[in-house]
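The values are calculated or read from the model by the stated rules, or taken from the named source; none is laboratory data. Keep in mind that this is a model prediction, so the values were computed, not measured. Cβ atoms come from the backbone with ideal geometry, glycine included; neighbour counts cover every protein chain shown. SASA here: full protein model, heavy atoms, side chains in, ligands and nucleic acids out. Shrake-Rupley method; radii C 1.70, N 1.55, O 1.52, S 1.80 Å.
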Amino acid sequence: MKKALIGLFLLLNYFSFAQEAPEFPKYNAKNAATIFYYNFSEVPKKIKVKKDSTKDKTIAALRLYNDKIKKISFLNTPKLQELELTINTLGKQLYSNRGLAERVRKKVELTVFPVRDSVAVHEKVLNEYLESFLSKRQYRKWLKYQRAEKRNLIPKPPRREAAPPQSMNRSRGRQGMAGGRRY
């Protein structure tokens, strides 16, 4: 009897976790617009620049890029904050109300996409300039570093507190059936 009650309790617990709606991630408009600044003291180490003249050029280019991005950020901060506030307050309503979600999506397109495009233009200019004096290996490391920095802007999906245990058969994979009978 105790085993049946424990089994029933675990089964109910399993389904109660399965029915929870996913938590709406906090929207960050600056991250969506790819507005971020490079740490110009860290970059030469990451891309393994040895020569002082190359380091100086790299740092100067990154400072110039950061200044341009700061201007873009300053000019667009009110619009981005308004959009961020709108999306974060509406949150789960956007899942249920299709018309509202469509209006918010249009607002995102009108606000974030032009900012993202202007940032991309400056980023392209930066990459072309860095390519002119960095070695191929350093430039590849730069592009890898740049992709990693952009990847950090993407919000991570929320983790569930108590995930249901996986079946034992699943974790064993094909190993269990290698030498045994098949049903």
TODO: Scan segment 126-137 for residues that are within 12 Å of Leu62 (Cα to Cα) and without any contact (Cβ under 8 Å) to a residue 40 or more places away in the chain and report the count.
DONE: 1
Open item on the list: Is it the case, given these coordinates, that Lys46 is in contact (Cβ under 8 Å) with a residue 12 or more places away in the chain, touching a helix residue (DSSP H, G or I) at 6+ places or on another chain (Cβ under 9 Å) and open to solvent by 60 Å² or more (accessible area, probe 1.4 Å)?
Closed with: yes
- [ ] List the number of the failed condition for Lys68; all other conditions in (1) open to solvent by less than 80 Å² (accessible area, probe 1.4 Å); (2) of a type in the set (Lys, Arg); (3) at pLDDT below 95 hold.
- [x] (3)
- [ ] Tell me which of these Leu83 doesn't satisfy, since it passes every other one: (1) at pLDDT below 95; (2) surrounded by fewer than 12 Cβ atoms within 10 Å (Cβ to Cβ).
- [x] (2)
- [ ] Could you please let me know if Thr34 is in contact with a Lys or Arg (Cβ under 8 Å, 6 or more places away or on another chain) and either at pLDDT 90 or above or on the phi > 0 side of the Ramachandran plot (or both)?
- [x] yes
- [ ] Kindly check whether there is at least one residue in segment 150-158 that is modelled with pLDDT under 95, outside any helix (DSSP H, G or I) and open to solvent by less than 40 Å² (accessible area, probe 1.4 Å).
- [x] yes
- [ ] Examine segment 88-99 for a residue that is within 30 Å of Lys50 (Cβ to Cβ), among the hydrophobic types (A, V, I, L, M, F, W, C) and open to solvent by 30 Å² or more (accessible area, probe 1.4 Å), and state whether such a residue exists.
- [x] no
